[in-house]
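To start, the structure under review is shown below, and the notes come after it.
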Amino acid sequence: MRVALVSHRTWGLTAYACALAPEFDVLEVSSDFITYDELASRYPADWRPDAIVCWSIDYMPVPLGIENADCFTAGIGTWLRSR
């Protein structure tokens, strides 16, 4: 499975994700306020994801137009609140 991890900064998630699921082909994309078309233009020429995971959606919006992606999409928030 090919997965594009989209975040507002490079977290090194690719190495972490590959260690947990070595059968996954993971591309980490660091981006700020990009559109889906800009995201798709950053994929290698022969690479298309089966899923796009937007990491830290509490810090950055998902790419505009993500609903036009031809694959599964998910958003994950990372903000933790102390009590």
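General remarks:
- Fewest-first ranking of M1, M60, using other Cβ atoms within 10 Å as the exposure measure: M1, M60
- Simple spin-label estimate for C71 and R42 in nanometres, 7 Å along Cα-Cβ: 1.3 nm
The numbers here are math on the coordinates, done by the rules we state, and not lab data. Computed from a prediction, not measured in an experiment: that's the story for all the values here. No Cβ is skipped: glycine too gets one built from the backbone with ideal geometry, and neighbour counts run over all protein chains shown.
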